[in-house]
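Structure record follows, encoded as structure tokens.
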Amino acid sequence: MQFGIFTVGDVTRDPVNKTTVTEHERIKNTITIARKVEEVGLDVFATGEHHNPPFVPSSPTTTLAYIAAQTENLILSTSTTLITTNDPVKIAEDYATLQHLADGRVDLMMGRGNTAPVYPWFGKDITQGINLAIENYHLLRRLWDEEVVNWEGKFRTPLQGFTAMPRPLDGVAPFVWHGSIRSPEIAEIAAYYGDGFFANNIFWPKEHYIRLINLYRQRYAHYGHGTPEQAIVGLGGQVFMRKNSQDAINEFRPYFNEAPVYGHGPSLEDFMEQTPLTVGSPEQVIERTLAFADYFGDYQRQLFLMDHAGLPLKTVLEQLDILGEEVVPVLRKEFAARRPAGIPDAPTHASLVAALADKEASV
């Protein structure tokens, strides 16, 4: 099972000290956080893609390539890559390039994007969001999987005899997760291709995600990729920890109240009761996270949101120390002990290369 961090890259005023980092500081801090993720023994760093204030990560491949040059083992991912407003040709080429630069330590998460104004900025119609996502992803898969592509669709100019360059590293495209918080069509396309399905697991009660994940698992089996239990599932989550749970609540409350992701709504206590947000001791975070498998089944990737809402860099790094030293080692041990036989590990470039070799050997 993989553990890591996903960031939304917001530039938000610190409500305690009343200061706001510059865009330059926020971008550089993101690199520091990613390096810390590897240092404390986590597996994955994922960045969002946004093109609207107050978020700065508009160029994920640039950021991830810079991180790749400063890390050795960290898997680099996105959360998410906008399959609707990005051209599939550019996605195919950019992420294959990143694959080569990072020696295969790359996967990505596809998503529609939930910010309505972004669509017209890129010449797209939000009412066609689902259709764009489906058509663009079908094309992307062909660009990665086929040497020469002839293609015609509804939303972009046709391709005749086109080859996306560079080709994927070792002939294996980056593994794809599909992120969704409400769209069964996205769960369906993930299942059709045998890709992973990622639920961000920070906004809604568990019942909401149970429906989507169960649909994905059922359709994954329907398309012959394995049993429902063998489907590849990833979850998000959001935590803030101190040794004493009340200290954690007192410290995090002003940041929660200002958070662009979910502030200015329910109280912190109500939000913790209604969603997976966990603010408390490391033991409480362990207990809450272990319960995810009870609701959603055994899964392959757990990412935490920890660096938003104006939290100072020093605090974020402290949180990563706690996560890496006190929380994740216990989670690894407990999840492994509870894991039934036959549940696959999270895909990696090495495992995909090995699977391709086995497939070619059996032909």
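The values are calculated or read from the model by the stated rules, or taken from the named source; none is laboratory data. Just so you know, these numbers come straight off a predicted model, no measurement behind them. Please note: Cβ atoms are built from the backbone with ideal geometry, for glycine as well, and neighbour counts cover all protein chains shown. What goes into the accessible areas is simple: the full protein's heavy atoms, side chains included, and nothing from ligands, DNA or RNA. Shrake-Rupley method; radii C 1.70, N 1.55, O 1.52, S 1.80 Å.
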Hits in the stretch 247-275 - residues which are touching a residue at least 12 places away in the same chain (Cβ under 8 Å), out of contact with any Pro (no Cβ under 9 Å at 6 or more places or on another chain) and in a loop (DSSP other than H, G, I, E, B): A259, V261, Y262, G263
Checking I67 against (1) in contact with a strand residue (DSSP E or B) (Cβ under 8 Å, 6 or more places away or on another chain); (2) more than 22 Å from D125 (Cα to Cα); (3) in contact (Cβ under 8 Å) with a residue 40 or more places away in the chain; (4) not in a loop (DSSP other than H, G, I, E, B), the condition it does not meet: (3)
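Is at least one residue of the stretch 72-90 farther than 30 Å from D145 by Cβ and in a loop (DSSP other than H, G, I, E, B)? Spell out how you get there, then give the answer.
Filtering the stretch 72-90 for residues farther than 30 Å from D145 by Cβ gives none.
Within the stretch 72-90, none of the residues are farther than 30 Å from D145 by Cβ and in a loop (DSSP other than H, G, I, E, B).
Can you go through N200, N214 and tell me which one is open to solvent by less than 50 Å² (accessible area, probe 1.4 Å) and either more than 18 Å from the chain's Cα centre (by Cα) or not aromatic (F, W, Y) (or both)?
Working: N214 fails: open to solvent by less than 50 Å² (accessible area, probe 1.4 Å).
After ruling out the rest, the residue left standing is N200.
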Residue, surrounded by the fewest Cβ atoms within 10 Å (Cβ to Cβ), within the stretch 110-132, restricted to residues that are over 24 Å from F175 (Cβ atoms) and of a type in the set (A, V, I, L, M): A116
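Can you tell me which residue within the stretch 125-148, out of those that are in a helix (DSSP H, G or I) and in contact with a Gly (Cβ under 7 Å, 6 or more places away or on another chain), is nearest to E72 (Cα to Cα)?
First, the residues of the stretch 125-148 that are in a helix (DSSP H, G or I): 126-145.
Remaining after also requiring in contact with a Gly (Cβ under 7 Å, 6 or more places away or on another chain): 135, 139.
Details: E135: 35, L139: 32 Å.
That would be L139.
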Y223 vs. criteria open to solvent by 70 Å² or more (accessible area, probe 1.4 Å), of a type in the set (F, W, Y) and closer than 29 Å to K359 by Cα: yes
Candidate set: the stretch 1-29, residues that are among the polar types (S, T, N, Q) and either touching a strand residue (DSSP E or B) at 6+ places or on another chain (Cβ under 6 Å) or assigned to a helix (DSSP H, G or I) (or both); chosen: the one surrounded by the fewest Cβ atoms within 10 Å (Cβ to Cβ): N29
Residue that is open to solvent by less than 10 Å² (accessible area, probe 1.4 Å), touching a residue at least 24 places away in the same chain (Cβ under 8 Å) and either assigned to a loop (DSSP other than H, G, I, E, B) or out of contact with any strand residue (DSSP E or B) (no Cβ under 8 Å at 6 or more places or on another chain) (or both), where the choices are A309, A293: A309
Residues being under 22 Å from T20 (Cβ atoms) and open to solvent by 60 Å² or more (accessible area, probe 1.4 Å) - total across the stretch 261-279: 1
Total residues in the stretch 92-124, condition at pLDDT 85 or above, out of contact with any helix residue (DSSP H, G or I) (no Cβ under 6 Å at 6 or more places or on another chain) and either at positive phi or assigned to a helix (DSSP H, G or I) (or both): 5
Filter pass, T32 being in a helix (DSSP H, G or I) and either within 30 Å of A187 (Cα to Cα) or at pLDDT below 95 (or both): no
Residue among V44, V40 that is β-branched (V, I, T) and out of contact with any strand residue (DSSP E or B) (no Cβ under 9 Å at 6 or more places or on another chain): V40
Only listed residue being of a type in the set (D, E, K, R) and open to solvent by less than 30 Å² (accessible area, probe 1.4 Å), chosen from D107, D87: D107
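Which residue, of I210, I286, is farther than 24 Å from R26 by Cα, at pLDDT below 95 and aliphatic (A, V, I, L, M)? Can you show your working first?
Values: I286 fails: at pLDDT below 95.
So the residue among I210, I286 that is farther than 24 Å from R26 by Cα, at pLDDT below 95 and aliphatic (A, V, I, L, M) is I210.
Take the residues in the stretch 316-355 that are among the aliphatic types (A, V, I, L, M) and touching an Asp or Glu at 6+ places or on another chain (Cβ under 7 Å); name whichever of them is nearest to I286 (Cα to Cα).
Going through the stretch 316-355, the residues among the aliphatic types (A, V, I, L, M) turn out to be 316-317, 320, 322-323, 327-328, 330-331, 336-337, 341, 343, 346, 350, 352-355.
Keeping just the survivors that are touching an Asp or Glu at 6+ places or on another chain (Cβ under 7 Å) gives 316, 343, 353.
Numbers: V316: 18, I343: 21, V353: 33 Å.
Ranking the candidates gives V316 first.
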Set I186, I181: member being modelled with pLDDT under 95, open to solvent by 10 Å² or more (accessible area, probe 1.4 Å), in contact with a strand residue (DSSP E or B) (Cβ under 6 Å, 6 or more places away or on another chain) and under 24 Å from L215 (Cα atoms): I186
